[in-house]
Amino acid sequence: MSEKSMLPIPPEEKALLKQHLTESARILRKYTEPEKQKDFGSIEVEVRTQMLEIVGPTMG
């Protein structure tokens, strides 16, 4: 039996989460240097960095 990492999220909260994540992504993309948005590898590194430095501490 595998363990689930989260409890199921109700549809209305999934929709709200998607809205907030979309807006957060828009803001982070706006302040990311253009050369870090040119290819998948650069984008992946930047997203990981932002997750560690910005998102992770907020989630606590």
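Would you check if Glu12 is at pLDDT 95 or above, in a helix (DSSP H, G or I), over 14 Å from the mean Cα position of the chain (by Cα) and loosely packed, with under 10 Cβ neighbours inside 10 Å?
Against the criterion (at pLDDT 95 or above, in a helix (DSSP H, G or I), over 14 Å from the mean Cα position of the chain (by Cα) and loosely packed, with under 10 Cβ neighbours inside 10 Å), Glu12 qualifies.
State yes or no: is Pro57 outside any helix (DSSP H, G or I), modelled with pLDDT of 90 or more and surrounded by fewer than 10 Cβ atoms within 10 Å (Cβ to Cβ)?
Working: outside any helix (DSSP H, G or I): no; modelled with pLDDT of 90 or more: yes; surrounded by fewer than 10 Cβ atoms within 10 Å (Cβ to Cβ): yes.
Taking the combined requirement at face value, the residue does not satisfy it.
Kindly establish whether Thr22 is modelled with pLDDT under 90 and part of a helix (DSSP H, G or I).
Numbers: modelled with pLDDT under 90: no; part of a helix (DSSP H, G or I): yes.
Taking the combined requirement at face value, the residue does not satisfy it.
Given the conditions (1) loosely packed, with under 10 Cβ neighbours inside 10 Å; (2) assigned to a helix (DSSP H, G or I); (3) among the charged types (D, E, K, R), which single one is not true for Lys4?
(2)
Given the criteria modelled with pLDDT of 90 or more and among the polar types (S, T, N, Q), does Ser5 qualify?
So Ser5 fails the test.
The values are calculated or read from the model by the stated rules, or taken from the named source; none is laboratory data. These numbers come from a predicted model, not from an experiment. Every residue, glycine as well, gets a Cβ built from its backbone with ideal geometry; the counts of neighbours run over all protein chains shown.
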